[in-house]
Every structure is written in C-alpha cells, then in structure tokens.
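Shown next, in structure tokens, is the structure this report addresses.
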C-alpha cells in the first residue's frame, strides 16, 4: 500500500515535470502580454510621449473614447457585415461541396485535396491572387466582362463594392474549413437511418433534411462559431486589397486597432480596442466550450 | 447501373467546380511565367519565361526566404520539444483545473494577433529583439505551442494505455516509457503536427510585418514590399507568391490525411 502511494506520488511529480516548462513558456508568451495589454489600455501610452505608459490618472478614458468614437462604431458595423456574410457563404459552399464529395472513391479523395488548397495557402498569397483578380489592367474577370460587353470599374476603389470584394476573397480562402468540418460530420452519420430512409423511399432532399441535418447540426453551429471568431482577425486581405478604404468602407475593428496603434502611435487607445476584441473572442470561445460538452468541442485550424 | 451514372456525374461536377474555384490561383501562376512586357497584353498565349524568378534572386528576396525557413523551422522544433511532453501529461494525468488549461489554450488560439503584437513590440524594443529572428521565433510560440499541446493531447488520448502500463510495471519510468513506447507509436501524429506548425509560422504575415524591418524580414513581407516600393511589378509579385506557396502546397499533398486531422484539431472531438 505504501509503495503504491509512493509510486503515485512519483508519477505525479514526473508528469508535472513534463507539463510545467510548456505552461511556463505559454504563460510568458500569452498571459504576460495580455496582462500588459490590459494595463496599458488604462493609460494614454504613446511611445513618443515619455512617461505616458505610467499615467493612470484617467484609467477609463480610452474605453470612453472608443464607445463615443464614430470611426470605432463604424468599424464594428463593417465587422458585423463582413463576418455575417462570409460565415453564411462559407457554410453554404462548404456544406454543398461536402454533400457532393461525401463518397470514398480515390478520385474524390484527390479532388478533396484540391479543394483544401485556399485554406492552407499563405494568406498573403491569397491576397495577391485576389489583388490580381480585382485589378482591371491584369484581371481575367475584367477582361471577360469587357469581352461580354459589360465592362465594370474597379470594385476595390468603389466604397459601395469594396467590402463585397473582400467578402468574396475571404469566403474563397475559408470555405475549405467548413467543407472539412462538414465532411467529417457527414461521415459520422450512422448508416442504419440512411438505409431506413432509402427503404422508405425518401428522396435526396428529404434524406438530407430529416436524417443528415439533425446529426450534423451541432458541428454546423460550432463550425460557424469558429469561422465567426476567425473572421474578426481578417488582416492580410484587407491590408493588401483595400488598406481599410476607400474611406473607411473596409476598416474592420481589428484593422482600426492596427491603424490607431501603428500609424497614429495611440498605443494606449489601440490596447483598449484590442482588449475589447479579446473580451469578445473569450465570450465566443466560452460559448464553444459550452457547446463542446455534448459531442463536439472546439479549438484549431491553420 | 443508375448508381454508376450518378457517380460519374458527381465526379465530373466536382472536377469542373475544382477547376473553377482554383482558377484565380492558376491565373497568378501563369502570370509568374509571363514576360514583363506581356503582363497586360491582350492575348492569352505567350512564350513562358523564368525571367520573373531569376529577377527575384538579385534583390532581398532570397534572404527573406532563408529567414522564413529558419524562423518557421526553429519555432516548430521548440514547440514540439516543449509541447509534446505537456500534451502527454494532459492526456494521461487528471488534475484539478485541466479544464481551465483547455480554455486557456483555446483562447490563445482564438485571440486576435494584435493583442500580442502591441506588448511584444514594446518588450522587443526594450530587450533589443526588434527585427531579429529570435524575436519572431519567440512570438510564433504563442500559436505553435498551443497548437502542439491541443493536437497531440487528442492524439495521445487515442494511443492505448496498456503498452505503457506494461512498461511501467517492468520498471521503466514515465518519461522512459514515453520515449521508448509512446513516441515511436506517435510518429504520424508528430509529423503532421510539426508540419502544421511549420505552415502556420511560414504563413504568418502580421507579426513579421510589424516586428521586422529589414534584417529579419520574412518572404510574405518581402512580397508586399514589391507592391509598395518597387512599383507594380506583377510578374515578380506573382513569382514571389508562387515560391512562397510552393512548400505549403507540397506539404499538403504529401500528408493530406494527417494534415486534415490537425487542421480540425479540437474542432472535432476524437
């Protein structure tokens, strides 16, 4: 009995030895910075103003400024539009493709790898690809439309269309993720109910609606939440395609924080906006983990 | 018979859709082989040339490519060394608060990069790590370490315990067993996780854009510089883009099945 206890104690010590270094480094590179970020969000930190990082005289000023700032509120609205449309688009395309590719032939396996590409490409390459498509001089799209007698102006330099151009590029970049998730979910649907539905004479649409969908709806929800969170981080596309413009038409909140911090040197204010973003993301992550209790849980992509 | 025809139609539909969806990418590819004076020409056919690629060798691009290889490679190795034992512990050992660790790791993966960039920028300035490869390697740990812990934990959870218990009874310590029994069983998972880490660091644009200037510049940033400082050299931009995506595409084709698991890691409970 005593030896069993000492073996357990030793096991415990051994295991912790493997865990502690990683958690220490993870603390240093994640919790440390986030704490600092939260603290600096309470100051008017500006690298060009000495001592501004320790000025706590008006701790809530940055947050009050943000909530009263039209440009910040506009960035939230742009974010909502971008997120909503891209997530719905990706779910629709991803689900459609998954239903089409949900067979285990060798050919389809190869095709699936092809569909995967946009998501693993370096985001900067995705941005270059779409910059080319949206630049009239060299764009095959503009050339085709001109040839068909419907020439259009650059979508990116028009405030009404720029965001939708970004939406198209973002949807293209991330539909493979929803497709993968939907494929995984579809392949976990048990065979018996599908066979039963076939015997009962259900057509494809009925089978999808009444048999497959109930099995995959939870994955569907978690996938949508994942994409929603990631859409908050959209950066390279906006940086390369529009730089937040024209005007403020494509300036999402993440981009707004970037501009305030690194272009205008409002580090304290930028920190406050970034802190608000983290709060939003934490809330959404928590929702995912709540969902995750039953069957599907959340964490990673590329 | 009917079933067969149905398969054929969906195969053809899938192939056509693939071609359609990848056409923007293919367009960039052909642009990279076009002669410089032919980029905005009207005709579709052209005499392919490598001049855009050779032009890349004369500038800063080769150095940035090497920088990308070093930062991604070193960060991957470090994350595996630190993260794999931690993942094993989390898979095999129950302790109070392991659910909080899970939330922490998930949140790290979710947090917008700007939240890390602001503090790191100031800290790097203070510590003399701005524009260094070491600095980039360090910041890549923020996402790589979390990824390794998360994916390998679910991988280890799927490795049967009985073998390890047998080794323990034979007097092999926990980490001895880990090295001799668990690691050899886990090479596919380790390889996939390593490749995924490499791709994530390789693909990074935001951190490199802000935390480097010239010395430690990585190739994604170098491509953007072609757009800003040297006029619009589309052929060169397309060639640079093609080179940067090449390693990623090769890795994807090589280890598709395992990569898919890693890409969805955690999103689907195993």
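Packing-based ranking of A:35-44, A:135-144 yields A:35-44, A:135-144, ordered from highest to lowest mean Cβ neighbour count within 10 Å. For the stretch A:187-261, the relative contact order is 19 percent, taking Cα pairs closer than 8 Å that sit 6 or more residues apart in sequence and dividing their mean separation by the residue count. With a cut-off of 20 Å on the backbone N, the residues of the stretch A:252-285 near the modelled label site 7 Å out from residue A:60 along Cα-Cβ are A:268-280. Take every Cα pair under 8 Å in the stretch A:41-292 that's 6+ residues apart, average their separations, divide by the length, and report that relative contact order as a whole percent. It rounds to 32 percent for the stretch A:41-292.
Estimated from helices alone, the mean residue ellipticity of chain B at 222 nm is -24000 deg cm²/dmol (sum of -39500 (n - 2.57) over DSSP H runs with n ≥ 4, per residue). With respect to chain B, whose longest principal axis is taken over its alpha-carbon atoms, helix B:219-228 is tilted by about 30°. Look at the stretch B:82-91: the mean tally of other chain Cβ atoms within 10 Å of its residues' Cβ atoms is 5.
The distance separating the Cα centre of the stretch B:206-256 from that of the stretch A:152-204 comes to 29 Å. Think of it as helices only: each DSSP H run of n ≥ 4 in chain A is worth -39500 (n - 2.57), and spread over all residues that comes to -22000 deg cm²/dmol at 222 nm. For the residues of A:133-139, the average number of beta carbons from a partner chain within 10 Å of their own beta carbon is 4. Remark: the Cα gyration tensor places chain B in the oblate category, a/c being 1.5 or greater and a/b not exceeding b/c.
Normalised by the number of residues in chain B, the mean separation of alpha-carbon contacts (under 8 Å, six or more apart) gives a relative contact order of 30 percent.
When peptides B:17-23, B:177-183 are sorted by average Cβ neighbour count within 10 Å, with the highest value leading, the order is B:177-183, B:17-23. The distance linking the stretch B:64-107 with the stretch A:48-105 is 26 Å (Cα centroid to Cα centroid, whole angstrom).
Neighbouring Cβ atoms from other chains, within 10 Å of the Cβ of residues in A:28-39, number 6 on average.
Shape class for the stretch A:163-302, computed from the alpha carbon gyration tensor (a ≥ b ≥ c): prolate, with a/c not under 1.5 and a/b above b/c.
For the stretch A:174-216, the equivalent ellipsoid built from the Cα gyration tensor has semi-axes of 22, 11, 7 Å, listed from largest to smallest.
Put simply, when A:125-131, A:264-270, A:83-89 are sorted by average Cβ atoms within 10 angstrom per residue, most first, you get A:125-131, A:264-270, A:83-89. For the stretch A:41-292, the gyration tensor built on C-alpha atoms gives an oblate shape. Its axis ratio a/c (a ≥ b ≥ c) is at least 1.5, and a/b is not larger than b/c.
Counting neighbouring beta carbons within 10 Å and listing from fewest to most, the residues B:79, A:57 come out as A:57, B:79.
Throughout, read-outs are computed from the coordinates displayed, never taken from laboratory work. Nothing here was measured: the structure is a model prediction, and the numbers come from that model. Neighbour counts run over all protein chains shown; Cβ positions are idealised from the backbone, glycine included.
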